[in-house]
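Q: Let me give you the structure first, and then I'll get to my questions.
Read-outs throughout are calculated quantities, based only on the coordinates presented, and are distinct from any laboratory measurement. Please read all numbers here as calculations on a predicted model, not as lab measurements. Every residue, glycine among them, receives a Cβ derived from its backbone with ideal geometry; neighbour counts consider all protein chains shown.
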Amino acid sequence: MEERLYDLIFIARPATPEDEIKKILTLIEHTCAEKGGKIEKTEHWGTRKLAYRVAKHREGIYVYQQIHTTHAELISELERRLRVQDTVIKYLTVRLDEDLKRQKKLTQKREKRAARRPRRTTPPTPSPAPVAASEQAAAS
């Protein structure tokens, strides 16, 4: 199976205690372990202002995770579990591996093109400046 890379961001209610957030992270870790996924990175971004009101809240506690998996069912299971959490007001999952593949392919094309271009080994010598007719007349 092909390994996939996902970003998972969820926003908890601003008054959520740290213990509740740790419980959600533990739930995500157990779900990943059950389904064969691996959490690469977890970041707590803290309380931040929301771009728009979500469930009557203007702020939320942001948590970011990067997940590697070979099973797409893992992400749908995580989304289902986040959906039923009372403390989570919004979540988002984004698949990144397709974009990374596309970016790698473009980089390889650029490198091929650059390899085909001839390289200059010495800098070009500047050509002598043309002498104006008035300077030639003054010199004679």
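Q: Would you list V63, V84 from fewest to most Cβ contacts within 10 Å?
A: Values: V63 21, V84 7.
Starting with the residue having the fewest Cβ neighbours, the order is V84, V63.
Q: Per residue of segment 49-65, what does 6.51 cos²θ - 1.76 cosθ + 1.60 with θ = phi - 60° give for ³J(HN,Hα)? Whole Hz please, x for Gly and Pro, Karplus curve as stated.
A: 6, 7, 5, 8, 5, 10, 6, 6, 10, 9, 10, x, 9, 8, 9, 10, 9
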